[in-house]
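The next block holds one structure in the form of structure tokens; read it before the comments.
None of the figures in this text is laboratory data; all of them are computed from the coordinates on show. Owing to the predicted nature of the structure, the values given are computational and were not obtained by experimental measurement. Virtual Cβ from ideal backbone geometry, glycine too; neighbours counted across all protein chains shown.
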Amino acid sequence: MKIAMVASECVPYVKVGGLGDAVGGLSKALRALGHEVLVVVPKYSAIDAARWGLHRKVAPLGVWMGDREEWCAAHEAVRDGVSCWFVESEKHFARPGVYHDREFRDFGDNARRFGFLCRAALQLLRARGFAADVVHAHDWPTAAAAAYLKVWHWDDALLGRAASVLTIHNAAHQGVYGAEAYGYLGLQAGNFTPARFEDRGRINLLKGGIAFADALNAVSPTYARETLGPIGGNGLGPYLAARGDRYTGILNGVDYDEWDPSVDQRIPARYSRDDLSGKAECKRELQRRMGLDVDPTIPLVASVCRFVDQKGMDLVAQAIDGILDAMRVQFVVLGSGEKALESFFGALPARWPGRAASWIGYDEDLAHWLEAGADFFLMPSRFEPCGLNQIYSLRYGTPPIARATGGLNDTVEQYDEATGTGTGFKFDALTARAVHDTVGWAVSTFFDRPKHLSRMRLEGMSRDFSWTRTAREYEALYLRARARRA
Ligand code: ADP
Ligand code: GLC
């Protein structure tokens, strides 16, 4: 198949969170299965054009928006057989930040920016003669691509046959913006209705995409079910339900070329199931680098995440002093986002010298290092569409301590103290007490049932969440989308 991905992030070029990992990993895996894959993303200022070898290929390209024509250029880079196109528009993308400014304030013109991306992406496919079988959009930023395809390209010789697929990575972000941008978007007045793009007088980009896509999925089976309900769907439940069996759940995969301790060059030592001695070295080096007491006998709990409501780190903030007070344990966190959490975790090491460490910011090398050096990976998410960190941590022999929600529930198998089976420690209650108690359960397993813990590590390391399996499920979804399209 010829598959066009339209997305706001794609590794290794630009990544804010797991969406970037997912788009990059899936594209590469689909290519390896023999499909022709073309990805279109914005050329943000943050993309290092020299490092990734971007070449300017198309210039200039006129893009008809609803009320004016705008211009863009396009650059290309090829990696692992996947061609990635970067839409260049000074006005829309030449600024620091992907979705928001340094103060985490959403850009006010996001509807226009990403609407333009979608429209330009389809124009680009035409300019390149890429007769896509499938146009695959991701989350609110590119959801409108499904609508543009129907509204503008239904009678195209080139794109008229293309089916659209929309993947929901996070239903909490829907791209809701003021109605004044609607004319610019050019999605036609008749589509500004509550069943499509209208949301109480405003534009809801994700909702519009849900109405138009030929097939849809969420990034895990549990999250797909959760989004059908009133809480998980953040108001979109009925619209998703209306799409019936066109909506499913497909668990994300992991790129084990990037995230496997036996090949990972970002960590101090390599290791595998057969020989875990490198993991001990990673722990020692991590303790040293982060100013923790260097001691192999004390369990080390780590977290890496964006500090946003979704991740539940406020519960960790409430629980952590009690945990450090009551248990022989160390804690290390890497993250950035909400200011209150940044200052809380930033100040934690001073209160707990040698026992707690933090790095406030974004650091990919350190993210790998925490996966490798820690004994447990803490992820108390309020909700989690899929979650990649816990899947990485399984491969790094670092059992997750996770809330049983969304993809966390689908990827972590509960530890059974009677038999020693399982790959992690799950809890249900969304409380600081539950975080405390479940960390306590993991810590007591470390000290009292070391054989169980070794077994859990090995079990987790042997689980296979590679993209190849996931890519096959997307293949099937694409075929269904095409069948329904016809
Ligand atoms: P989400 O997409 O909701 O942020 P995921 O678990 O799917 O959650 O993916 C998060 C990705 O972002 C992981 O690859 C993780 O390592 C990375 N990440 C999150 N915060 C940081 C950070 N502060 N520094 C480096 N990487 C980070
Ligand atoms: C979103 C979700 C996360 C998921 C990622 C990739 O950012 O928050 O759970 O893993 O997308 O699909």
If I model a spin label at residue 257 and residue 429 as a point 7 Å from the Cα along the Cα→Cβ vector, what separation in nanometres do I get? 4.6
Report the full-extension gain for the segment residue 228 to residue 101: residue separation times 0.36 nm, less the Cα-Cα distance, to one decimal in nm. 42.5 nm
Tell me the Rg and the Dmax, in Å, that the Cα atoms of the stretch 93-168 produce. 13.9, 45
Trypsin sites (Lys or Arg not before Pro) in the stretch 187-219 lying in a DSSP loop, each with at most 13 other Cβ atoms within 10 Å of its Cβ, come to 200
Once you order the gyration tensor axes a ≥ b ≥ c over the Cα atoms, which shape class does the chain get: rounded for a/c under 1.5, otherwise prolate or oblate by comparing a/b with b/c? prolate
Contour excess over end-to-end distance, with Cα ends at residue 49 and residue 468 and 0.36 nm allotted per residue: 148.0 nm
Search the structure for amide H atoms under 5 Å from the amide H of residue 300, placed 1.01 Å from N in the peptide plane, and list their residues when 5 or more places away or on another chain. 330, 375, 376
Listed by chain and number, the lysines with an alpha carbon less than 27 angstrom from that of residue 2, same-chain partners under 8 positions apart left out, are 15, 28, 43, 57, 150, 207
Cut-off under 19 Å on the C-alpha distance; same-chain residues fewer than 8 positions from residue 451 excluded. Which aspartates and glutamates are left, in chain and number order? 274, 275, 375, 413, 416, 417, 459
Mind giving me the nanometre distance, one decimal, between the label points for residue 362 and residue 342, set 7 Å out from Cα along Cα→Cβ? 1.2
Angle, helix 277-289 long axis vs. longest principal axis of the chain, Cα atoms, 0 to 90°, nearest 10? 90
All lysines inside 20 Å of residue 339 as judged from Cα atoms, apart from same-chain residues fewer than 8 positions distant: 311
Degrees, to the nearest 10: 432-448 long Cα axis against longest axis of the chain: 50
Return a whole-number percent for the relative contact order of the stretch 376-473, with Cα pairs under 8 Å and 6 or more residues apart as the contact set. 27
Sorted by chain and number, the residues with a modelled amide H under 5 Å from that of residue 307, at a separation of 5 or more or across chains, are 336, 337, 338
Between helix 339-351 and the chain: long-axis angle, C-alpha atoms, 0 to 90°, nearest 10: 20
Amide hydrogen neighbours beyond the local backbone of residue 267, cut-off 5 Å, H modeled: none
Count neighbours as other Cβ atoms within 10 Å of each site's Cβ, and list the trypsin sites (Lys or Arg not before Pro) in the stretch 36-68 that are DSSP loop with at most 15 such neighbours. 68
Which one of 385, 316, 145 has its Cα pushed farthest toward the positive end of the charge dipole of the chain, where Lys and Arg give +1 and Asp and Glu give -1 at the Cβ? 145
Only helical DSSP H runs with n ≥ 4 go in: add -39500 (n - 2.57) per run for the chain, normalise by residue count and round the 222 nm mean residue ellipticity to 500 deg cm²/dmol. -12000 deg cm²/dmol
What number, in percent, do you get for the relative contact order of the stretch 277-462 if the mean sequence gap of Cα pairs under 8 Å and at least 6 apart is divided by its residue count? 22
Among 18-28, 238-248, what's the highest-first ranking by average C-beta atoms within 10 angstrom per residue? 18-28, 238-248
How big is the stretch 277-462 by Rg and Dmax over its Cα atoms, in Å? 14.7, 43
Quick one: dipole size for the chain, taken about the Cα centre, charges +1 on Lys/Arg Cβ and -1 on Asp/Glu Cβ, in debye to the nearest 20. 800
